[in-house]
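A short worksheet on the structure shown next.
The values are calculated or read from the model by the stated rules, or taken from the named source; none is laboratory data. Note that the coordinates shown come from a computational prediction; the quantities given were computed from them, not determined experimentally. With ideal geometry, Cβ positions are generated from the backbone for all residues, glycine too; neighbour counts draw on all protein chains shown. Only protein heavy atoms, including side chains, enter the accessible area calculation; ligands, DNA and RNA are left aside. Shrake-Rupley method; radii C 1.70, N 1.55, O 1.52, S 1.80 Å.
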Amino acid sequence: MLEYCKKILSVMTFDVELFKKELQKCFSYLNFQERLDLGIWNDNNYLKLPA
């Protein structure tokens, strides 16, 4: 599921608001460790969201 979320989010980079919505949706699908991994992936590649 984590890889699927990364693939979807990579496509959504054209619109920041849509990206944020999809990121929140992805977090709801993932377990704790996957959420951490997705957060690190996001910070390294795309948005720096406030904690």
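A few remarks follow.
- With DNA, RNA and ligands ignored, accessible area of E34 (1.4 Å probe; Å², nearest 10): 50
- Region 1-29 residues near the modelled R35 label - backbone nitrogen below 20 Å, point 7 Å along Cα→Cβ: 1-9, 19-29
- Expressed as a whole percent, the accessible area of the chain that falls on carbon and sulfur atoms is 57 (1.4 Å probe).
- What the pair-distance distribution of the chain shows, using all Cα-Cα distances binned every 5 Å from zero, is 4, 22, 38, 27, 8, 0 percent.
- Helix-only CD estimate at 222 nm, as mean residue ellipticity for the chain, using -39500 (n - 2.57) per DSSP H run (n ≥ 4): -23500 deg cm²/dmol
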